[in-house]
Structures are given as C-alpha cells and as structure tokens.
Amino acid sequence: MNVIVVGCGRVGAQLAYRLYQKGHHVTVIDQEVAAFDNLPPDFRGRTVEGEVLAHGVLHRAGIEQVDGLAAVTNSDSLNAVVAHIARTKYQVPNVVVRNYDPRWQPLQEAFGLQVISSANWGAQRLEELLYGADMRAVFTAGNGEVGIYEFIVPDTWHARTLAELLPEAGCVPAALTRAGRALLPSQSTVLEDCDAVLVSATLEGIEALRQRLYPEREA
Amino acid sequence: MFVLIAGGGRTGTQLAALLVAQNYEICMIEHRRDVLTRLHRELPTEAIYEGYATDLRVLEQAGIRRAEVLATCTDSDADNLALCFLARTRYDVPRTIARINNPRNAWLFDDRFHVDVALNQADILASLIEEEMSLGDMMTLLKLRRGEYSLVEEKIPAGAKVLGIAIKDLPLPEHCVIAAIIRHGEIVMPSGRTTFEVGDEVLAVTDRRGAHELAQLFEPHHEGYQHSG
C-alpha cells in the first residue's frame, strides 16, 4: 500500500514508522526539515519537505498514486483542508484525519471526514480504567463512542437471564464464554456466575450496565 | 445587508471600516487579545464578536445563518478555506470571499471549497506593478469586468506615429474602442475621420493585450523612421 502521512510530529512519526514496519511505502510531508528527526533512524520511507497546501507539494509526494492519506498535523483546519482536497481532487480511496483540539472536531466533521481524536479517545480510555478493572474495554470503534466490553458475571446475577441484566438501550450481547467454550448468547440465555460476557455498548449503555452489575459502588 | 468578517487583521479591519461607513451591518470575529484591543478603538462594539471563527458555536452566535456575505480574512489559508466550505454547506451563505495569504496556496481557492471570490493580494499588487512598468505613460483609470477590460488614458507625444492619420485608417487593436479625446480641455467625440493632435489625451476601452498595442501605436517614431520619413 502507498500511503502519505502529513505532519511528522509525535503522531505522524509513530504512524509512519508503524506503516513502514508492516512493509508499506510511506511518504511523510512536513514543512520543518527538523521534524523528520522524530522518525526512528531505521525508517526507510520517503520524506518531503514543504508546506503541504503549496502548489505542487502533494504532487511531489506522489498523491496521484496513493491508496491512503492521513493528515495528522497539529492544525485541525489544515488537516481537514488537505483531506478534502485528497478526496475530491485526487480521489484518494482512504483518507483519515487527526483531531488535535477537540474544540475543532465539529469543523472537521462538517467535511464528512473520518476523524480520530487522540485527546478524546485517550481521555475516554483513562476514564474507563479509573472505573475499575472488572469491566474492561477490549475494542473501541470510532473515537470510543461504541466499545466491546468484557465482564465476569457476579454471583448476584446467577440463574437470571441476559434480558434481565442488559439495559434496554445502548447495549447488545456479543459473546459468552463458559468453562472455556464460547457461544453466541441470546436475550434468554441463563447466566451462571463466573461466565465471561462480551457486550457491544455505547458509553451510556455501559454505564447503565455497570450500575446493575455493581449497585453497591454507587453509594 | 449583513456581512460577517472572520479575522481582524489589517485587511479585515479595513474592509469592516469601509462597510460600516457605507451603513452595512457587519460583525467581525476575532480571538486575539491584542488585536481585539485595537479593534475596539476602530469599530463599534456591537460589530465585534470575541471568539474563534472556526468554532461553530461562535459562528452561529455571530449570526452566520443570516449572513449574506462571509469574508474570510484570517492569516491562515486553511482556516479561510474551511470557513468558506462551512458557510455554504452548513449555513447556506449566498456569497463567500476569501483572502489568500500565501500565493502558492491560490490553486485551492475554488468551487471545491465554495470560494466565490478569492483575493490574492500579492498577485494583485504584482500585476499592477507589471502593468505600470510595461505601459509607459499610459494610465489605467478604471478596471471593468474583474480587470479583463480597462479604461485607459494616454497623451499623444510629439512625433507620434499616429499624428495626422484618421482613426478609421489606424491599425487599432481588435478589442479596443477610442471613447473620447480631451483636446485643450474640451471633450471631442471621435469619429472615423478624426485625427490625433500632439497633446491630445486619448481615453480608450481595451483589454490587456489591446492596451499594449495601443501604447506602441502612440509611441514617437523610432530614430530610423525619422531619417527616412
């Protein structure tokens, strides 16, 4: 895969290096030549020094032949503008944008772009970890709006059904592991203590489920 | 008419002051503390909104939904582009005008970002200077149709090639009309039989290329010509 990474700060350098290690052809663009020092010494991708919006710079980076572009500078409007031009003028099939300051996320979303906010996503993960280890997110989609969570059924819910346990909104069962065997659960599945259950849930859904599982913590 | 202006730098402020003087309703969005201090001295308080123009809530509170024109004058080309795009796709603003800071970014300022008019200050200045240098004594009085055509004025010098020749017999440029001649302070309406005299001030409507040809036509004879003629 040919990929352009715009911006060679911490996120850009990390992303470029990961892609390079997976065997992809990576071109990194930054206006400051010193920014390329952020790349590990064994990085063997291309670097292009230049202001990314200036005429000819994207062309020099080979935008006509890329499969993907990630705009990860610390300017949110710049990321949005680069991504928009990559999609509309150069028809780059896969374009993603980093959100730097959550205040400007609505502006980026107005372009209809795939936006990843490291600040939002990190804050949500930290928040989850602070709530305790008995319910952990094993996968998050988007910026963490929906996640797959795993928990162990406590003895208070033994012999009751999933339908009783799960909140009506924002939470659906994904898998249940009992004595080492996984199965696709239904709403009528009867729980046993020590079952490991995976649910797909929104932040509101998982909070409601948490209150049902551990009501004593609300005090 | 309500005009929303993003960015209170020198361009934005100049535009705002001009529009206020012509009784337009305006709102200027600016977030820089030091710039705001200056703005409050130059513009009425109700015309200033403090905040980031790229913040959707700020745009809405400053009145973008009822704006008939958005002029983006910030010093960031990316901000100016993103704002024009937002203004049209999200708020249906009928007209957008954007300032170009870096001429190398000019290629982006088009329909893709819903920029109706792009103002490239460096470009405008450069073409003015180039024109002044190349046209000699010819003066541009007025630009018509976005600068494609101009009303120009030139004085006929002594020894000009055109002296004594009727206008109908002159090899005038294709896109060029002699509009009027000022002779001894009086307007002469030219006809085909009119001939130029030394000191005539000629007013012509012409395109850029025509202006060059006209300037050459009004030049004095070259030395060589004078000997032979």
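Since every read-out is calculated from the coordinates, none of them should be taken as a lab result. This is a predicted model, so every value here is computed, not measured. Cβ coordinates were reconstructed from backbone atoms using ideal geometry, including for glycine residues, and neighbour counts include every protein chain displayed.
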_Students often check this: by mean Cβ neighbours within 10 Å, which of B:72-78, B:204-210, B:173-179, A:40-46 ranks highest, and how do the rest follow?_
B:72-78, B:204-210, B:173-179, A:40-46
*Kindly write out, for the stretch A:95-105 in residue order, the coupling ³J(HN,Hα) from the Karplus curve 6.51 cos²θ - 1.76 cosθ + 1.60 (θ = phi - 60°), rounded to whole Hz, with x marking Gly and Pro.*
10, 10, 10, 8, 9, 8, 10, x, 4, 9, 5
*Which residue, A:Ala70, A:Ala61, A:Ala169, has the most motion in a Gaussian network model of chain A that connects Cα atoms within less than 10 Å?*
A:Ala169
_Simple spin-label estimate for A:Ser188 and B:Glu201 in nanometres, 7 Å along Cα-Cβ_ = 10.0 nm
*Kindly provide the helix-only [θ] at 222 nm of chain B, computed as the sum of -39,500 (n - 2.57) over DSSP H runs of four or more divided by all residues, to the nearest 500 deg cm²/dmol?*
-9000 deg cm²/dmol
*Report the antiparallel proportion of the DSSP beta bridges in the protein assembly as shown as a percent, rounded to a multiple of 5.*
50 percent
_Only Cα pairs within less than 10 Å get springs; with that Gaussian network setup on chain B, which residue of B:Leu119, B:Leu141, B:Leu81 has the largest fluctuation?_
B:Leu141
_How much length would be gained if the chain were fully extended between A:Ala123 and A:Thr202, taking 0.36 nm per residue of separation minus their Cα-Cα distance, in nm to one decimal?_
26.9 nm
*Across peptide A:102-115, what mean number of C-beta atoms from other chains lies inside 10 Å of a residue's C-beta?*
3
*Report, as an integer, the average count of C-beta atoms from other chains found within 10 Å of each Cβ along A:43-52.*
1
*Which residues' amide hydrogens lie under 5 Å from the amide hydrogen of A:Arg136, considering only partners 5 or more residues apart or on another chain, with H built in the peptide plane?*
A:Glu150
*Karplus couplings for the stretch B:69-75 from phi (6.51 cos²θ - 1.76 cosθ + 1.60, θ = phi - 60°), rounded to Hz, Gly and Pro as x?*
9, 10, 10, 9, 10, 6, 8
*Size of charge dipole - the stretch B:2-123 - debye, nearest 20, with Cβ of Lys, Arg +1 and Asp, Glu -1, no other charges*: 80 debye
*A:Val28's amide H: which non-local residues (gap 5+, or another chain) put their own amide H closer than 5 Å, with H modeled 1.01 Å from N in plane and none for Pro or chain starts?*
A:Val5, A:Arg46, A:Thr47, A:Val48
*Sequence-distant or interchain residues sharing an amide H contact under 5 Å with A:Ala174, placed H: which?*
A:Leu198, A:Val199, A:Ser200
*Peptide B:101-112 - average C-beta neighbours from other chains (10 Å radius)*: 4
